[in-house]
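Worksheet: one structure, shown below.
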């Protein structure tokens, strides 16, 4: 909970600074997540959960920007135990206008993820992430995004992936 509060504070500070700068944006998404790692404790694991993300960003041009945020992937469970996953990320985001308010998005970045296992404690590691999606802008300030992102976890002695399928709002200042 403390991490979410810190991330919200950071995004709020970006929003406060937006009065004095062009190109700033904030957003948040709700997501369905899929764990692509080993089963927990060797037992059949529910590899689906509900997650989400919040972020702040800056667009340097209409086609290129940077975003940083916090993502949570929910809790994956088996009869042997559970695994919680979350982390912070920074992405380079490319935008390709398609017309009529639609844009295609592509992203690549770094991800500092934490895995918290009921079987073996917790561990944090830094790896990569990639993603793609579409955005529809209702007006010059407000848009809705649909995205797929793959986050790579390098923690607890394994290199596992989690996919996030999200829908959310993006607000440009």
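Computed from the coordinates by the stated procedures, all read-outs in this text should not be read as laboratory data. Note that this is a predicted model, so its numbers are computed, not measured. Glycine also receives a Cβ, built like all others from the backbone with ideal geometry; neighbour counts cover every protein chain displayed.
Per-structure values
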item: Fraction in percent of alpha-carbon pairs per bin - 10 Å, the stretch 37-160; result: 13, 39, 27, 16, 6, 0
item: Simple label model, 7 Å out from Cα along Cβ direction - residue 79 to residue 36, nm; result: 2.9
item: Pairwise centroid distance, computed over Cα atoms, of the stretch 80-141 with the stretch 59-74, Å; result: 8
item: Additional length obtainable on full extension of the chain from residue 112 to residue 142, 0.36 nm per residue less Cα span; result: 7.9 nm
item: Neighbour-count ranking [beta-carbon atoms within 10 angstrom, fewest first] of 83, 24, 66; result: 66, 24, 83
item: Fully extended contour minus Cα-Cα distance, from residue 100 to residue 169, at 0.36 nm per residue; result: 23.1 nm
item: Residue order, fewest to most beta carbons within 10 Å, for 165, 70; result: 165, 70
item: Translational diffusion of the stretch 66-109, µm² s⁻¹ [Kirkwood Rh, Cα pairs; Stokes-Einstein; 10 °C; 1.306 mPa s]; result: 121
